[in-house]
Amino acid sequence: MSPGRRRLRALFVATFAVLLTLVLTSPTFADAFDDALANFFTNSYADTEVGVTALAAAGDFRAAPVLKALQDGKLAVDPSSRRVLIEDGVAWRDAASGAAMSPAPADLKRVRLNNRLRRAVDAALGALTLRAPDPARRLEAAQAVFKSRDAGALAAVDAALAQETDARVKAALADARAAILITSAEAPEAARIEAVAVLRERGDQSALALLGSLPPGTPAILQRAADSAASAIRGRLQVWEAVQNAWYGLSLGSVLLLAAIGLAITFGVMGVINMAHGEMVMLGAYTTFVVQEAIRQKAIVLSLPGTDIGVILPLPAALTLDWSLPIAVPLAFVVTGLVGILIERSVIRFLYGRPLETLLATWGISLILQQAVRTGFGPTNKEVSNPSWMSGAFEIGQLAITWNRLWILCFSLATFALLLTMLRWTRLGLEMRAVTQNRSMAAAVGIRTARIDALTFGLGSGIAGIAGVALSQIDNVSPNLGQSYIIDSFMVVVFGGVGNLWGTLVGAFTLGIANKFLEPFAGAVLGKIAILVLIILFIQRRPRGLFALKGRAVEA
Amino acid sequence: MTPRVLDPGTIAFLIILAVAAIGVPLLNLATQDSSALHVPTYLMALFGKYVCFALLALSIDLIWGFCGILSLGHGAFFALGGYAMGMYLMRQIGGRGVYGNPLLPDFMVFLNWKELPLAWWGLSSFPYAVLMVLLVPGLLALVFGWFAFRSRVTGVHFSIITQAMTFALLLAFFRNDFGFGGNNGLTDFKDILGFNVQADTTRAALFAISCVALALGYVVCRVLVSSKFGMVLIAIRDAESRARFLGYRVESYKLAVFTISACMAGVAGALYVPQVGIINPGEFSPANSIEAVIWVAVGGRGTLVGAVAGAILVNYAKTTFTSGPLAPYWLFLLGGLFVGVTLWLPRGIFGTIAHWRAFRRSRLAEADASDASASAKPLAAE
C-alpha cells in the first residue's frame, strides 16, 4: 500500500470515528437533532453552518424538512420558547414536534442565509438523500452525484459509503466518489489513480466520458492511467455492443419466428398463400385484450349487441392479470384455429391448385377481418398490459434484458418445438405429412384428406393466434397489427425455404440478427430496406430458399 | 394463325374512348355551370383519375392475363412514373414556393439543403421528365425482372418478392434524406408546360391526353397479344416448361413484356399526378398494388377491355361508397369482391361474357356440322 493511500485511509478512519462518536455518544438520534437545532438561535452564519452539518449528520427523518425550509427561507426561530419553526403556508409548525403553532409567536426571527451557507444546505440535503431509508432513493442520489461530480458532496459520499449496506448503492457511491476525485485537481494523486481503477471497473459510456475529460494540468502518470483505462473500456464496450446487437437480433428473430411459424404451416406445408395470416395474429392479440378486459371487470359479459339481453358470469377475485396470458394462449389458439377452419372450408378448399387466386381471396378475407375488428372494437389502439412477471428488466454487465423479450424468445422456441413434436410424433402430424407428400396415395390408404386440409389450416391459423398473444405484449394492438407482420413473415418463410420448418427457424433468426447488426451502420429504416433487397437478391440465387426440399417435381 | 388487332370489340372501345376524350372536356368547357349537361371540373378530374387507373390495370392485365405473371408491385412503377412527373412539376414552381428559393423545392429549403440532389438533375426540362417517366420504371423492371426470371422465380414467389420490392421502396420514399419529400411527398404544383395545373382548360387537356394514352396503351397491348409474340406469351402462361422445351427463351419473353408493362404503369402514374395534384409514398403501399390486381380480376384477366372496365367500375364504387354514409363498409365490400370474384367469377365480367359467347358459337358450329353430316350420311351419325 502506498503512503498516500495509507494517509487517505487514516483520514477516512478519523472522519468516520468523529461521525460515529457524534452518533453513538448521543443517547438517541432525537437528541442529536435537538442539539443541531440549538445552533440556529445564535443568529450567526458560522453557527448556522455548524447546525446544518450537524443536522445532516444526525440522520433524523425530521432533518430534511428543516433543511428544505432553510433553503426556501421558510425557517424561523422563536427565542422566547427556544423553538425552531417551519412556515407551512400561512401557519407555522414546530420543527421538532411537527405541531402547528397558532397563533404564530410574535417575535419570530427568520434564519438568514448567505451563499456559503446555501451551498452547505445543498450539500447537506444531498447527503441526507444519500442516506434516505429507501435504497432506490439512495441509488438515485448517488447517481445524481456521479453526474454532477460536485466536489462539495465528497464528504457526504464518504460518510454514506461507510454506512451503506446495499451492494448496488454501494457501487454507485463508489462510482460517484471516483467521479468527484478524478475531476478535482485538489485531490491527492493516489486517490485519483484509484478512482481511475474504479471507473475502469464501471466500464460504461459515462465512465469513458469522465476519463476523457480530465481537467488541464493533470499529472502525466494519471493521464496515462486514464488513457489505458479508456482504451480498455472501449474494447469492452465494443464486445458488449456486439452482445447487445446479438440479443436484439435474437429478440427480433423470435418475433419473426412467432409471426412466420404459422405461415410455415399454411404456406410451407400446404402451399396455400394465406394473406390473411397477419389478421390471425391480430385476432390472437384481440383475444388477449378481451381476456384482460374480462379479468379487469371480474366478469365475463355476454350480450347481444344493441340489446339488453345477456348474461354476466362472475370470475373469481383471485384471478389477476398475471393469469391473463396463460388463459389467452389456449383461447387464442381455439378462436383463430376455428376462424382458420371456417376460412378453409368456405373459401380456400375451392381454390387448391390455384395459388394466385388463393392469394387474392385471402387478401380479401384479410380486409374483411380488419374491417370487422375495426367495427367491433374501434380503430384505436387497445391497451394490453404486461403481467407482473413479464415487466421490468435485469442486467447482465452492460446488457439490459427486459423480461417480456426474454419470455417471448422462450415462448417462440417452445412453440416451435411443440409444433415440430406434433408433426413428428402424433397421428395428426403423420397424416398431415402424408397428405402433403402425396395426396392421392394418402387418400388411397384411407386418410380423409379434406379433413386433414382443414385441420392443417386450422393449426397454422391457431399458431398465428398464439403469436398474436405474445406480440400483444410488445406491439400496439390495433386492426392494422397484422399488416406490419405479413411481409416479414413471407420473407422469413421464403428465405428459409418453403416446406421446411427448420428453414423457418434459421431464416427468422438470421434475418433478425442481420437486421440488428445492419441497423447501427444504416439506421433502422435503411437496415430494413437493405434486408429486403438482400432477400430479393438471395431468392434470385436460390429460388427455393435456404433449405430447399429436394425432389423431382417440376411444375407445368 | 394470329387474331386481328382491330376486332369489333377494339373498334367499339376506341370509339367510346374517343367520344369520352372529346365529349367530357367539351361538356366542361363549353357549357354553363347551370346547364344540365355541364360536367364539373372536379368530376372531370375524377374521371381523369379513373382513366389513369385503367391504364395501370391494362398494364397488369398484359402480364397477368397473357403471361401469367402476377405482380403485386405494379403500384411501384406507377408511383415511380408519378414521382418523375411530380419532380418536373416541383421544378416548375421555381421561385413561387413558400421560401421563394428559385432552385430548391420548399421541402429541401426546409431541410436546410444547399444544392439540388443528383437525382433531380435535368428534371426542369419536360422532354427529360417524360424520358424519366418511361426510363425509371422500365429500368427497374428490367433489372428486377432480369434477376427474377433468369433464376426462374415464378408464380407466388414472384408475387411475394414484387410485394417486398414495393414495400422497400415505400420505406425508402418515406425517408426525408432520400430526397423526394419524405412522407409529405410532392405537392403544391403550379404549372405544367407553362399552363396553370388548376385551370379548367389544362385539366380538360390532361383528361383528353389521358384518354389518348389509354387508347395508345390499349392498341399497343392489342398489337402485342395479337402477334406471334403474344401467342408465345400465352403459351408461357399455360405451360411454361413446355414452351421452354419447344425452344422459346421464356425468360426473354417475360422480361420484355414485364418491362413494357412497367413503362405503361409509369405513364399512368405520370398522368395521374398533375390531375390529383399530389404524389406521396403512400402510392407505394403494397395494398394499392394488390387492389389494382382486383380491378383486373373483376373485369376479366386476359381481356384488356375487361381490365379497363374493372378499374373504372371498382373505383367508381369506391368513390360512391367512401363518400357516403356507407364509408365504413367499403372494406367489407372490397374484401367480398376479392373473395367473390375468385370463387364465383374467376374469368371476370368480360371474360365470362367472352367465354359464354365462344361456347354458344361452338355449340352452333357443332350443330351445323352435325346437321351437315346428318344429311350426307344418315347412318354414320349414330
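The values are calculated or read from the model by the stated rules, or taken from the named source; none is laboratory data. Not measured: the values here are computed from a predicted model. All Cβ positions, even for glycine, are placed from backbone atoms using ideal geometry, and neighbour counts span all protein chains on display. Accessible surface is based on the protein model in full, side chains and every heavy atom, while ligands, DNA and RNA are left aside. Shrake-Rupley method; radii C 1.70, N 1.55, O 1.52, S 1.80 Å.
Of the accessible area of the protein assembly as shown, with the probe set at 1.4 angstrom, what percent is carbon plus sulfur? Within the protein assembly as shown, the accessible surface is 64 percent carbon and sulfur. Of the residues A:Ala207, A:Gly268, A:Leu369, the one whose Cα sits farthest toward the positive end of the charge dipole of the protein assembly as shown, with +1 on the Cβ of Lys and Arg and -1 on the Cβ of Asp and Glu, is A:Gly268. For B:Leu142, the shell of other residues with beta-carbons less than 14 Å away shows a net charge of +1, using +1 for Lys and Arg and -1 for Asp and Glu.
Taking a straight Cα-Cα cut-off under 22 Å and skipping sequence neighbours fewer than 8 places away in the same chain, the lysines within cross-link reach of B:Lys190 are B:Lys49. From most to least packed by mean Cβ count within 10 Å, the peptides A:414-423, A:438-447, A:460-469 give A:460-469, A:414-423, A:438-447. The peptide list B:152-163, A:385-396, put in order of mean Cβ contacts within 10 Å with the highest first, becomes B:152-163, A:385-396. Look at the alpha carbon pairs under 8 Å that are at least 6 residues apart: their mean separation over the length of chain A gives a relative contact order of 15 percent.
Mean Kyte-Doolittle hydropathy of -0.5 or higher plus an axial Cα length of 27 Å or more: which whole DSSP H helices in chain A meet both? Show your work: numbers first, answer last.
Numbers: long enough: A:3-25 (32 Å, 1.06); A:220-263 (63 Å, 0.73); A:277-297 (31 Å, 0.28); A:324-346 (32 Å, 1.63); A:355-377 (32 Å, 0.76); A:403-425 (32 Å, 1.19); A:449-471 (33 Å, 1.25); A:501-522 (31 Å, 0.99).
Correct list, ordered by number: A:3-25, A:220-263, A:277-297, A:324-346, A:355-377, A:403-425, A:449-471, A:501-522.
List, by residue number, every residue in region A:348-370 with a reduction of 20 Å² or greater in accessible area between the chain on its own and the complete protein assembly, 1.4 Å probe. At a threshold of 20 Å² (probe 1.4 Å), the residues of region A:348-370 that become less exposed are A:Leu351, A:Arg354, A:Leu356, A:Glu357, A:Leu359, A:Leu360, A:Ala361, A:Trp363, A:Gly364, A:Leu367, A:Ile368. Go through region A:472-497 and flag every residue whose accessible area shrinks by 20 Å² or more with all protein chains in place compared to the isolated chain (probe 1.4 Å). Buried by 20 Å² or more upon assembly, which counts only protein chains, are A:Ile487, A:Phe490, A:Met491, A:Val494.
When only Cα pairs under 8 Å and 6 or more residues apart are kept, what is the percent relative contact order across region A:244-555? Show your work: numbers first, answer last.
Working: 487 pairs, mean separation 114.9, N = 312.
Worked out over region A:244-555, it gives 37 percent.
With a ≥ b ≥ c the root eigenvalues of the C-alpha gyration tensor of region A:252-353, is it rounded (a/c under 1.5), prolate (a/b larger than b/c) or oblate? Because a/c hits 1.5 or more and a/b fails to exceed b/c, region A:252-353 counts as oblate. Interface burial in region B:299-332 reaches 50 Å² or more for B:Leu331, B:Phe332, comparing the full protein assembly with the chain by itself; accessible area from heavy atoms with a 1.4 Å probe.
Let me make sure I get this right: for the protein assembly as shown, a, b and c are the square roots of the gyration tensor eigenvalues over alpha carbons, sorted descending. Under 1.5 in a/c it's rounded, otherwise prolate if a/b > b/c, else oblate. Which is it?
Values: a/c = 2.46, a/b = 2.05, b/c = 1.20.
Cα axes put the protein assembly as shown in the prolate bin.
Where only protein heavy atoms count, and the probe is 1.4 Å, what is the accessible area per residue for the protein assembly as shown in Å²? List each step's numbers first, then the result.
Numbers: 44090 Å² over 938 residues.
In whole numbers, the protein assembly as shown has 47 Å² accessible per residue.
When Rg and the Kirkwood radius Rh are both evaluated on Cα atoms of region A:244-555, their ratio Rg/Rh stands at 0.98. Can you tell me what percent of all Cα-Cα pairs in chain A are more than 47 Å apart? Cα-Cα pairs in chain A separated by more than 47 Å: 42 percent. When peptides B:290-297, A:309-316, A:530-537 are sorted by average Cβ neighbour count within 10 Å, with the highest value leading, the order is B:290-297, A:530-537, A:309-316.
Please tell me which of these pairs span more than 19 angstrom C-alpha to C-alpha: A:Lys68/A:Lys170; A:Lys382/A:Lys516; A:Lys147/A:Lys170?
Working: A:Lys68/A:Lys170 26 Å; A:Lys382/A:Lys516 28 Å; A:Lys147/A:Lys170 16 Å.
Violating the 19 Å limit, Cα to Cα: A:Lys68/A:Lys170; A:Lys382/A:Lys516.
Dipole magnitude of the protein assembly as shown about its Cα centre, charges +1 at Lys/Arg Cβ and -1 at Asp/Glu Cβ only, in debye to the nearest 20?
Details: 76 positive and 59 negative charges, 488 e Å.
That gives a dipole near 2340 debye.
Look at the stretch B:169-177: the mean tally of other chain Cβ atoms within 10 Å of its residues' Cβ atoms is 3. Applying both filters, DSSP loop and at most 16 other Cβ atoms within 10 Å, to the trypsin sites (Lys or Arg not before Pro) of region A:76-161 gives A:Arg82, A:Arg112.
Other chains near B:340-351: what is the mean number of their Cβ atoms within 10 Å of each residue's Cβ? It would help to have the intermediate numbers written out before the result.
On the way: counts 3, 4, 13, 7, 1, 0, 4, 0, 0, 0, 0, 0.
Mean shielding by partner chains, rounded to a whole number: 3.
Computed from the C-beta positions of A:Leu108 and A:Ala144 and an R0 of 45 Å, the FRET efficiency is 0.85 to the nearest 0.05. Of all lysines in the structure, those lying under 25 Å Cα to Cα from B:Lys254, and not within fewer than 8 positions of it along the same chain, are B:Lys228.
Chains A and B: how much accessible area gets covered up at their contact, both sides added, probe 1.4 Å, in Å² to the nearest hundred?
Numbers: alone 28710 and 19150 Å², together 44090 Å².
For A against B, buried area totals roughly 3800 Å².
Cross-link reach is defined here as a Cα-Cα straight distance under 14 Å, omitting same-chain residues fewer than 8 places apart; for A:Lys528 the aspartates and glutamates meeting it are A:Asp488, A:Glu519.
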